[in-house]
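Contents: one structure, followed by commentary.
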Amino acid sequence: MKFFSVISRVIKAFAYIAGAAVLLMMVITAADVFSRIFSSGITGAYDLVRACGVIAVACGLPYLTAVKGHIAIEFFYHKSSKAGRIVMDLIIRIASMVIFGLLAVQAFKHGMSLFSKGEVFANLGLPVFWIPFLISINCVLMMVVFVYHMIHPGKEYIEL
């Protein structure tokens, strides 16, 4: 399907953003530590590293789910019959869709609240409303991956 192909490219793009966020966290932290040797730190380093951490997790989660990189509950899975496995997988995927759907809605509402209040990072003064929006978008992507896995059981959405 063309829809899943487009979403796959979006998920891969967010995975690259997650990788860049991790790299940026390392660079900022190293530069901040190094600059403290000369009695001056980087203003807002904590805020930037914190934001990059959220970006890395939020943007990396859909890719990890798409390639089925999560740890499975193998003990119960192998003890069940084939029908039991299908039912267990279906229940887990539906529950996950509900949870991520609620998280997407709440993150979006929180982002709107931050936007209307004009909330900013403490040290940098940059707006923070975009972070919950990013989380919300990636929660929706997670839901698409769950739907794909229900339609195509046992198959990865994105091949490694």
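Each reported figure results from applying straightforward, stated rules to the coordinates on display, with no laboratory input. As the structure is a computational prediction, the values presented were derived from the model and not from experiment.
Observations
- Computed over region 2-151, the range of Cα coordinates on each principal axis works out to 64, 36, 30 Å, biggest value leading.
- Cα centroid of region 96-138 to Cα centroid of region 51-68, whole Å: 16 Å
- Those lysines that a straight Cα-Cα span of less than 20 Å connects to Lys109, excepting residues fewer than 8 apart in one chain: Lys117
- Taking each residue as 0.36 nm, the span from Val27 to Phe76 lengthens on full extension beyond its C-alpha to C-alpha distance by 13.4 nm.
- Computed over the chain, the per-residue total of -39500 (n - 2.57) for DSSP H runs of n ≥ 4 gives a 222 nm mean residue ellipticity of -27000 deg cm²/dmol, rounded to 500.
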